[in-house]
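Read the figures in this text as sums done on the coordinates, not as results from a lab. Everything numeric in this text was worked out from a predicted model, so none of it was measured. Ideal geometry is used to build each Cβ from the backbone, glycine not excepted, and the neighbour counts take in all protein chains shown.
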Amino acid sequence: MTSTPVAAPIDTDVARPGTTKTARVKKRLTSRGATIVSLIIAVLWTLPTFGLFISSFRPEEEIKGNGWWTIFANPGFTLDNYSEVLLSSSASSPQLGEYFVNSLAIAIPATIFPLVLAAMAAYAFAWIKFRGSGALFVFIFALQIVPLQLALIPLLQIFSGILQPFQESVGDALNIPTSNYLQIWIAHTIFALPLAIFLLHNFISEIPGEVIEAARVDGASHGQVFLRIIIPLAIPALASFAIFQFLWVWNDLLVALIFSGGTSEAAPLTQRLAELTGSRGQEWQRLTAAAFVSLVVPLIVFFSLQRYFVRGLLAGSTKG
Amino acid sequence: MRTVDLIEKIVQVGLGLAVFAAVIGLILFLADKAPKKAKDVVQLVVFLAPAIILLAIGLIYPAIRTSILAFSNKAGDLIGLDNFAWIFTQPDAVRVVINTLIWVVCVPLISTIVGLSYAIFIDRSRGEKFFKALVFMPMAISFVGAGIIWRFLYDYRPAEREQIGLLNQIVIWLGGEPVKWLQTEPINTFLLIIVMIWIQTGFAMVVLSASIKGIPTEQVEAAQLDGTNAWQRFVNVTLPGIRSSIVVVVTTISIATLKVFDIVRTMTAGNFDTSVIANEMYTQAFRANEPGRGAALALVLFVLVLPIVIYNVRVLRKQKEIR
C-alpha cells in the first residue's frame, strides 16, 4: 500500500489521497459525511436501550431523582432492583420469576410443535406425489395473509367451549394438573404453520432427489426417510426457523393476552410487563430491571445465533 | 415462587412434549405398519393431516366465523353493515383508521430509507458487523420491552423537578419547557411511530445489506472508472440492483405495521387519540364486549393487508421468471 505509486487519472484534478487503484471499491462510499451519519444513527439506535440498562442498576431514589446521564455526578450501583423484581415474594412486587418460567414453558413447546408438524407437511409437499399437491401448497402459503386477529375470537370460543372441558375431564380422570399452557401452545402452533411449511418446503425440496429415491428403492418408508435423511439434512433450516419462532413467541403479547388467562399460572413475561406499565408506570426502579429480565433471553439468543437468525430472515423475505 | 409450582410447571411442559412425541411417533410407526396397498395413501395422510387439521380448525374456520361475526351484533343477529358504518362514521373510530394510515405511511418509508442509508454507509467499512449488530439489536427485543425503553425516554416531570426522560432533558437544554409527550396529540402518535421505526430499521438494513453485497463488484468498479460520483453510482447501479429487495422490505414492514398492537398497548393503551386498528380490535372484542365491532375491525385489517401481499407475490413471481 505505501510503496504503490499514486497513479491518479489525469482528468481528476482533485487527487484525494487514497483514491488510487489499489484503494479499490473499499472506500467508495465511506466518505467523512457518511461516516458521521452512520455514527449518529448507531448512537441514536443504541442510546435508548443503554439508558434503560444503566438505570436498572441505579438505586430507586437516584432513578426517580435525576437522569441516568448524570450518573457520574450522582453515582450509585445496586442489584436491588433485580432481586426485587425476581425474588421478592411480597404481594406488591412483580414476582417475575414465575412469569419467566412461564415464558420458557410457553416458548419451548410452541417452537417444537410447529417445527415438527411443518417439517412433516413440507416433506409431504416436496417428496410425496399426490393430486392437488401444488394447489394445496399455494393455498397454505396464501393463509399467511390472514392476520391472526381474524382468528382470535372464534378460536377462543373453541378453546373455552371444547378444549378446556375436555382437558379438565382428562385431567380429573388421570389426576394431573391442567393449565392454560395447552391453548397457548396450540394457538402459536397454528399461527406459525403457514410460514413454517413454506420456508421448510423451500429447503427440503432442494435436497437432492437421488438420495431420497435411493432410500425408497431400498424399501425405506416415508417415515424412515423423513427421520433418517430429511431431518439431519434440514438442520440448518430447522435451526433458523426455530430461532425465529422462539423469539416470536417469547416476545408475543397479543396471543398471550387472549389465551393465557392472565394469572401467574400461565401468563408470560411480556404480559406481566404490559400490566406493570399500566398499573405502576412510574415505578422505574422496577420497570427498568423488569424490562431487562425479559430482554436477556432474546438478546442471548440473538447475539449467539445471529448468523442463523439473519439467514432465516433472508430466507423468509427474499426467497420466492 | 414456590418450588411446588415450579415442579408442576416443569411437569406440564414435560408432559406436553412427551404426549406430542408419543402421538407423532405412534402415527409414524402405524403408517409404516399399514397394509402395503394403502401404504402410500396412509403415509401421505399421516404427514399432512396434523398440519391441515390444525389450520382448518384454528385458522380457516375462525377466519370465516369472524367474517360473519363482523356483520352481526352482540346477540349474534345479522345487522348488515352497521359495524362498518360505526368504524367509518364515529369520530373516535375514524381517528383509529387515520392513525393506522399514518403509521403505515411513515414506518415503512422512514425505516427503509434509514436502513438503506446505513447499510450503504457501513458497507465494507471496518467494524461493519459490529455496527450492524447495534442497529439490528432492537429486532430481538419484544415490542413490550421496546415500549418500556421508549416510555422511559419520553418520561415527563414538571419543570421545577429534574427530568429523568432524555427527550425532555434535551428540550430543556435547548431552552424549552418539558412536555407530556405521550398525552399530547398529535405528536404522541409520531412518538409511537418512532418506536416501530427503531425496531424495523434493523430488518430493512440487514436484508438490503445482503442484497447490496449481491451486486457484482465489476459493475460498481466500471461505474467508478467512468468517473461517476457516489450518488450517481447509487442511483444507477445500486438502486436497480436491489429493487426487488426494497419491495420485499417495504411490503413486509407495511404488513407488520398494519398489525402493530403491542407498542400502542404498552405505551398509551390507545388513549389520547393514539389507537390503531389492531389495538382497537382487541379493545372492542375482548374489553368492551363488542365482538361484532372487533370482528369488523379485523376484517378491515385483512382488506388492508391483502393488496400489499398480492403485490409482493406478483413481484416475487416476476423476479423468478427473470431468473
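Brief remarks on what is shown
- Note that region B:91-104 has calculated 3J(HN,Hα) couplings of x, 4, 6, 4, 4, 4, 5, 4, 4, 4, 5, 4, 4, 6 Hz, one per residue in order, obtained from phi through the Karplus relation 6.51 cos²θ - 1.76 cosθ + 1.60 (θ = phi - 60°); glycine and proline are x.
- Furthest towards positive pole of dipole, A:L193, A:I162, A:L273, structure part region A:96-318, Cβ charges: A:L193
- Computed from backbone phi, the HN-Hα couplings of region B:82-89 come to 4, 5, 6, 4, 4, 4, 9, 10 Hz, rounded to whole numbers (Karplus: 6.51 cos²θ - 1.76 cosθ + 1.60, θ = phi - 60°; Gly and Pro given as x).
- Leading residue at positive end of dipole, region A:28-87 (Cβ point charges), from A:W45, A:A73, A:L86: A:W45
- Three-way shape label, region B:3-69, alpha-carbon gyration tensor, a/c 1.5: oblate
- Residue-by-residue Karplus 3J(HN,Hα) for region B:268-273, coefficients 6.51, -1.76, 1.60, Hz, glycine and proline x: 9, 6, x, 6, 6, 6
- A DSSP coil position with no more than 14 other Cβ atoms inside 10 Å describes the following GluC sites (Glu not before Pro) in region A:179-278: A:E206.
- Residue order for B:L26, B:L182, fewest other beta carbons within 10 angstrom first, comes to B:L26, B:L182.
- Three-way shape call for chain A based on the alpha-carbon gyration tensor, with the a/c threshold at 1.5: oblate
- Around the Cα centre of the protein assembly as shown, unit charges on the Cβ atoms of Lys, Arg, Asp and Glu (plus for the first two, minus for the last two) sum to a dipole of about 1980 debye.
- Taking amide H as placed 1.01 Å from N in the peptide plane, the amide H of B:S72 sits under 5 Å from that of B:I79, each at least 5 places away or on another chain.
- Arranged from fewest to most other beta-carbon atoms within 10 Å of their beta carbon, B:F190, A:F302, B:F47 become B:F190, A:F302, B:F47.
- Reducing region B:152-212 and region B:258-302 to their Cα centroids gives an inter-centroid distance of 23 Å.
- DSSP loop GluC sites (Glu not before Pro) with at most 14 other Cβ within 10 Å excluded, longest remaining stretch of chain B: B:163-323
- Taking the three principal axes of the alpha carbon atoms in region A:28-87, the coordinate ranges are 53, 27, 14 Å, sorted in descending order.
- Gap separating the Cα centres of region A:251-300 and region B:58-98, nearest whole Å: 30
- Eigen-decomposition of the gyration tensor built on the alpha-carbon atoms of chain B gives equivalent ellipsoid semi-axes of 39, 34, 24 angstrom, largest listed first.
- Residue-averaged beta-carbon neighbours from other chains (10 angstrom radius) around B:38-51: 6
- In region B:3-69, taking the dipole from charged Cβ atoms about the Cα centre, the farthest positive-side position among B:F47, B:F20, B:T3 is held by B:F47.
- Loop-resident trypsin sites (Lys or Arg not before Pro) (DSSP state other than H, G, I, E or B) in region B:1-109 with no more than 13 further Cβ atoms inside 10 Å of their Cβ: B:R2, B:K74.
- For region B:84-322, the relative contact order comes to 27 percent (Cα pairs under 8 Å, sequence separation of at least 6).
- Centroid-to-centroid separation of region B:1-55 and region A:135-176 [C-alpha atoms, Å]: 16
- Inter-chain Cβ neighbour average for residues A:72-80, partner chain, 10 Å: 0
- Net charge of the neighbourhood of B:V4, taken over other residues with C-beta under 13 Å away and scored Lys/Arg +1, Asp/Glu -1, is -2.
- Taking A:L152, A:L199, A:L44 in turn, the Gaussian network model of chain A (Cα-Cα springs below 10 Å) assigns the largest fluctuation to A:L44.
- Region B:186-323: C-alpha gyration tensor shape, a/c 1.5 cut-off, then a/b vs b/c: prolate
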